[in-house]
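The values are calculated or read from the model by the stated rules, or taken from the named source; none is laboratory data. In this text, all values refer to a predicted model and were calculated from it rather than measured experimentally. We place every Cβ from the backbone using ideal geometry, glycine too, and count neighbours over all the protein chains shown. All accessible areas refer to the heavy atoms of the entire protein, side chains included, with ligands and DNA or RNA removed. Shrake-Rupley method; radii C 1.70, N 1.55, O 1.52, S 1.80 Å.
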Amino acid sequence: MSEKRDTFSSRVGFVLAAAGSAVGLGNLWRFPYLAAQKGGAVFLLVYVIFALTFGLALLITEISIGRRTRLSCIGAYKKMNSKFGFLGLLTALVPTIILPYYSVIGGWVTKYGVSYIANQSGDIAKDSESFFTNFITVQANGFTNNALFWFILFMVITTVIVLLGVQKGVEKASKIMMPLLILLSIGIGIYTITIPGVVSGLKYYLVPNFSFIKSFKDVADLFLSALGQLFYSLSLAMAIMLTYGSYMKKDDDIQKSSVQIVVFDSLVAFLAGFMIVPPVVAFNGGDPTKINAGPGLMFVTLPQVFAQMPGGKIVGALFFILVFFAALTSSISLMEAVVSVFLDKFKINRTVATLIVFVISIVLGTLSCLGYGPLGHIKLLGREFLDFFDFITNSVMMPIIAILTCILVGFIAKPKFVEEEVLKSGEFKAKKAYEVMVKYIAPIFLAAILISNLVVS
Ligand code: PHE
């Protein structure tokens, strides 16, 4: 493009935008559950070790590819090697598929947030299970109880921010929302651990527990859960970190920024455990099985907990605001990744590109939304639309993309492609270790993630 490429105005802006992408529903509804179920401190330790090795290496790789080529995924891989154009296309499909269904869930979060703020949480708490079911199956009366309406609203908010551009939209929104997100996490975390009866939950979350490890299979399961969670949590193989890297200034330190993104993401995941695990266990008579992963935890169990908690309405409102920020900064990153592909590929302006992506997302998202309701009879690979889109991207396409990226960097373009870019703006301390990771260890880990996803599906 003849036009100058957009950039983030500062390193802080870049780090907060990337962390905004990384911190999402995965941190809030999956991490606490995994940590609690899989050995408490044992899981946390395994997670942190993988985060600072495997996770960091893949993150540095993506950011460097983006910054060096100054292109979105579709051109970047091709520029590295002309035979790898297909990888760019495959990668571009991932955020295109995820954005719509992620925004459907973003719509659910918005609805719950508004209900708590408007002091209408009583409706939810009365029978949180049927409220949620009626809501997502688009059976409830009135448009404010219609999941489709909230999905479109969430999508419009995301679109407006992306329309404003990299600095005035993405960066500014992240700079406002991310510090607030951290403050809310710490505040709610402190509050919930002061509630009487939380000790058993805290123990369950934090005390190392080896009792669930009975065989080699359990060890493998622990490692794979940590790796899989990490991979998703850092928004890898979604074209996002590559795109954000392409907006990074040439003299901003890549290694330092990547470490900060990993630490930020892990910290919020860790804090989420303090917000969620102790109160859920405490208000369920010490029953830890109530901590499940996924929508049930957030939309069914937690509203019941908030209803019993002193000051629960306020905590509930603050909690859903936090989740809203987490979801919004992630959806912004997804949309920006797709818009960036359109900008590079078709040389159109941002407004047109963004509106095209908006329309595609509304169509696909409507399928996901109605797939739980009127279109429920349509199944793809035995799944409703939303679950199908989630499976095909997260479980299949993303590990494949990451393996191919490692092969491309490790053996074809060679690790120096990444190393030179990192060294341009700072040091690269673990260069040798990086090479071993990207060539051998990461592809093996990723293949293990892929195989286990396919086996358990
Ligand atoms: N990394 C996000 C999380 O942990 C997930 C995500 C981000 C999903 C961006 C899609 C897009 O929840």
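Summary table below
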| item | result |
| --- | --- |
| Helices (runs of 4 or more DSSP H) lying entirely in segment 1-61 (those with 1 or more residues that are within 11 Å of the ligand (Cβ to nearest atom) and either open to solvent by 30 Å² or more (accessible area, probe 1.4 Å) or within 13 Å of Met241 (Cβ to Cβ) (or both)) | 11-22 |
| Where a residue in segment 265-282 is within 14 Å of Gly40 (Cβ to Cβ) and its partner, wherever it lies, is polar (S, T, N, Q) and open to solvent by 10 Å² or more (accessible area, probe 1.4 Å), with Cβ under 8 Å and at least six apart | Val281/Ser200 |
| Residues located in segment 195-223, provided they are open to solvent by less than 80 Å² (accessible area, probe 1.4 Å) and assigned to a helix (DSSP H, G or I) | Ser200, Gly201, Leu202, Tyr204, Tyr205, Leu206, Asp218, Val219, Ala220, Asp221, Leu222 |
| Segment 236-261, residues that are under 23 Å from Phe445 (Cα atoms) and hydrophobic (A, V, I, L, M, F, W, C) | Leu236, Ala237, Met238, Ala239, Ile240, Met241, Leu242, Val259, Ile261 |
| Residue within segment 223-232 that is among the small types (Gly, Ala, Ser) and out of contact with any Lys or Arg (no Cβ under 7 Å at 6 or more places or on another chain) present | yes |
| Ile407 open to solvent by 20 Å² or more (accessible area, probe 1.4 Å) and modelled with pLDDT under 95 | no |
| Unmet criterion (only one of (1) at pLDDT 95 or above; (2) within 16 Å of the ligand (Cβ to nearest atom); (3) not β-branched (Val, Ile, Thr)) for Arg70 | (2) |
| Flag if Ser266 is more than 12 Å from the ligand (Cβ to nearest atom) and not acidic (Asp, Glu) | no |
| Hits in segment 276-300 - residues which are in a helix (DSSP H, G or I) and open to solvent by 10 Å² or more (accessible area, probe 1.4 Å) | Ala282, Pro288, Thr289, Lys290, Pro295, Gly296, Val300 |
| Subset of segment 417-454 [acidic (Asp, Glu) and within 27 Å of the chain's Cα centre (by Cα)] | Glu419, Glu421, Glu435 |
| Counted residues, segment 310-329 - those being open to solvent by 10 Å² or more (accessible area, probe 1.4 Å) and either in a loop (DSSP other than H, G, I, E, B) or within 14 Å of the ligand (Cβ to nearest atom) (or both) | 4 |
| Cβ-Cβ under 7 Å pairs, at least 6 apart or on other chains, segment 190-202 side of a type in the set (Val, Ile, Thr), far side not in a helix (DSSP H, G or I) | Thr192/Val198; Ile195/Met309 |
| Check on Gly122, open to solvent by 10 Å² or more (accessible area, probe 1.4 Å), at pLDDT below 95, part of a helix (DSSP H, G or I) and not acidic (Asp, Glu) | yes |
| Test for Phe306: is it away from the ligand (no atom under 16 Å from the Cβ), of a type in the set (Phe, Trp, Tyr) and either in a helix (DSSP H, G or I) or buried (at least 24 other Cβ atoms within 10 Å of the Cβ) (or both) | yes |
| Any hit, segment 373-393, residues being farther than 23 Å from Trp150 by Cα, without any contact (Cβ under 8 Å) to a residue 60 or more places away in the chain, assigned to a helix (DSSP H, G or I) and among the aromatic types (Phe, Trp, Tyr) | no |
| Test: residue in segment 230-246 that is in a helix (DSSP H, G or I) and away from the ligand (no atom under 14 Å from the Cβ) | yes |
| Meets criteria (in a helix (DSSP H, G or I) and within 24 Å of the chain's Cα centre (by Cα)) for Leu183 | yes |
| Any pair with Cβ under 8 angstrom, 6 or more apart, that starts in segment 2-26 at a residue that is closer than 26 Å to Asn349 by Cβ and of a type in the set (Val, Ile, Thr) and ends at one that is modelled with pLDDT of 95 or more and not in a helix (DSSP H, G or I) | Thr7/Tyr247; Thr7/Met248; Thr7/Lys249 |
